[in-house]
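J.: This is the structure I want to talk about, given as structure tokens.
What follows is calculated from the coordinates using simple rules that are stated; it is not laboratory data. These numbers come from a predicted model, not from an experiment. Here the Cβ positions follow ideal geometry from the backbone for every residue, glycine too, while neighbour counts run over all protein chains shown.
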Amino acid sequence: MTNSTLITRIGELVTNDEDQGAFAALGDAALVIQDGTVAWTGPAARAPAADSMLDAGGRAVLPGFVDSHAHLVFAGERSSEFAARMAGRPYQAGGILTTVAATRAASDAVLRANLRRLAAEMLGQGTTTFECKSGYGLTVTDEARGLELAAEVTPEVTYLGAHVVPPEFAGDVSGYVELVRGPMLQACAPHARWIDVFCEDGAFGADEAAAVLAAGRARGLGARVHANQLGPGPGVRVAAEAGAASADHCTYLTEADLDVIVSAPLVATLLPGAEFGTRHPYPDARRLLNAGATVALATDCNPGSSFTSSMAFCIALAVRDMRMTTKEAVWAATAGGARALRRRDVGHLGVGARADLILLDAPSHAYLAYRPGVPLVAAVWRDGRLAAGTVS
Ligand SMILES: [Zn+2]
């Protein structure tokens, strides 16, 4: 094959073949990258010749992680709030306003530098596709600015004007909703692919969330919802009615919510970093999986409730504390994330997939949970090119 790279002697090649909808892997395998896509996978002994060859030495190769939920456009940090919370003060959504003030006050250069640092941090840890939300500007110009910056680093840009009601609209939620679904949407829609709402007590209620999502859909944006994070509520139902790709958090689900997730269908995107960072109970992943739901894992990377960019950390939490198997957790962090973003070209390594892959310094995917906190990503390819790490 011309213009091709053969990676051979792969101890475990996680392919997550599209048609199976579940974890799939080959032992003693090889993979050929050609023109940025996966051109061949199979037993190492039957690998075709290629222009260049790389010996994985028995190590594992996985699809690049797909982080389908992150808030990366912000300034400042909230480590003292985290420390206070760990010392016993409960988390409240209002903490977001601290970051809103810092973000509004920051220059484009400061926001861009922080965003790029986090994007590079993600890539170095194996995340090759990520979603990025606005939501710390909350004015027409600040939200549009956040989305323009996000679009510099990812195509998966989400307009989250309905993150929290800003202080200048205190006591006037409906006035703010009109802004979000009117002039703010007008300014933001050209820079975004998705629209999201924080549907929760203390944020936006069912009717408000539905109105925002409907306006976004009318402008061609796909819907996603922050749903049922802090308590039971209408988020999952609102997401399904809006035709959303994903309901995110899903920490408090009724039986009716579970039925809606399975039948809509909605991807249930679980964000265990948020429960870790707020010491809340983890979502019941087993209940979702046993009901037949499609589950994704994502970081929720943000400076308040979950300041991690590590998908490996989320996999470890999901396995240890949410009783997902190592296979289920890795699938959810790759193919599950792709489904939450309605992408078919990433999250798996079937022939024709984008050649986004991770070489682990370990023989098996299980090491991601078995060796928590240890940097195991040796090298990362994105679009078929080595983008981080080394291959020696
Ligand atoms: Zn979030």
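J.: Test of understanding: among 320, 342, which residue is within 22 Å of residue 21 (Cα to Cα) and either more than 16 Å from the ligand (Cβ to nearest atom) or hydrophobic (A, V, I, L, M, F, W, C) (or both)? So that I can check it myself, show each step before the final result.
T.: Numbers: 320 fails: within 22 Å of residue 21 (Cα to Cα).
The unique qualifying residue is 342.
J.: Moving on. Among the listed residues 104, 78, 85, 89, identify the single one that is under 22 Å from the mean Cα position of the chain (by Cα) and charged (D, E, K, R).
T.: 78
J.: Here is a follow-up. Among 115, 72, 160, which is the only one that is of a type outside the set (D, E, K, R) and within 23 Å of residue 228 (Cβ to Cβ)?
T.: The unique qualifying residue is 160.
J.: Can residue 300 be described as acidic (Asp, Glu), buried (at least 20 other Cβ atoms within 10 Å of the Cβ) and within 16 Å of the ligand (Cβ to nearest atom)?
T.: yes
J.: Shifting gears a bit: Filter the stretch 55-91 down to residues that are assigned to a loop (DSSP other than H, G, I, E, B), away from the ligand (no atom under 16 Å from the Cβ) and within 26 Å of residue 142 (Cα to Cα), then give me how many there are.
T.: Number of matching residues: 3.
J.: Going by the structure shown, is residue 30 touching a strand residue (DSSP E or B) at 6+ places or on another chain (Cβ under 8 Å), closer than 20 Å to residue 348 by Cβ and touching a residue at least 60 places away in the same chain (Cβ under 8 Å)? Even if it seems obvious, please write down each step before you answer.
T.: Details: touching a strand residue (DSSP E or B) at 6+ places or on another chain (Cβ under 8 Å): yes; closer than 20 Å to residue 348 by Cβ: yes; touching a residue at least 60 places away in the same chain (Cβ under 8 Å): no.
Here the answer is no, as residue 30 does not meet what is asked.
J.: Pairs needed: first member in the stretch 154-181, in contact (Cβ under 8 Å) with a residue 24 or more places away in the chain and among the aromatic types (Phe, Trp, Tyr); second member anywhere, part of a strand (DSSP E or B) and within 16 Å of the ligand (Cβ to nearest atom); C-beta distance under 6 Å; at least 6 residues apart or different chains.
T.: 159/195
J.: Please go through the stretch 192-204 and pick out each residue that is out of contact with any Pro (no Cβ under 7 Å at 6 or more places or on another chain), free of Cβ contacts under 8 Å to residues at least 40 places away in the same chain and more than 14 Å from the ligand (Cβ to nearest atom).
T.: 201
J.: Let me ask something additional. Going by what's in this entry, would residue 208 be described as surrounded by 15 or more Cβ atoms within 10 Å (Cβ to Cβ), within 25 Å of residue 147 (Cα to Cα), more than 20 Å from the chain's Cα centre (by Cα) and away from the ligand (no atom under 15 Å from the Cβ)?
T.: For residue 208, the condition - surrounded by 15 or more Cβ atoms within 10 Å (Cβ to Cβ), within 25 Å of residue 147 (Cα to Cα), more than 20 Å from the chain's Cα centre (by Cα) and away from the ligand (no atom under 15 Å from the Cβ) - is met.
J.: Looking at residue 244, is it within 16 Å of the ligand (Cβ to nearest atom), assigned to a loop (DSSP other than H, G, I, E, B) and under 24 Å from residue 154 (Cα atoms)?
T.: yes
J.: Being of a type outside the set (A, V, I, L, M, F, W, C), closer than 11 Å to residue 131 by Cα and surrounded by fewer than 21 Cβ atoms within 10 Å (Cβ to Cβ) is the filter here; which residues of the stretch 141-161 pass it?
T.: Residues satisfying the conditions are 154, 155.
J.: Residues that are farther than 30 Å from residue 103 by Cα, in contact (Cβ under 8 Å) with a residue 24 or more places away in the chain and over 15 Å from the mean Cα position of the chain (by Cα), at least 3 per element: which strands (runs of 3 or more DSSP E) completely within the stretch 298-392 meet that?
T.: Values: elements: 357-360, 377-382, 385-389.
Because the criterion is at least 3 residues that are farther than 30 Å from residue 103 by Cα, in contact (Cβ under 8 Å) with a residue 24 or more places away in the chain and over 15 Å from the mean Cα position of the chain (by Cα), the strands (runs of 3 or more DSSP E) in the stretch 298-392 that meet it are 357-360, 377-382.
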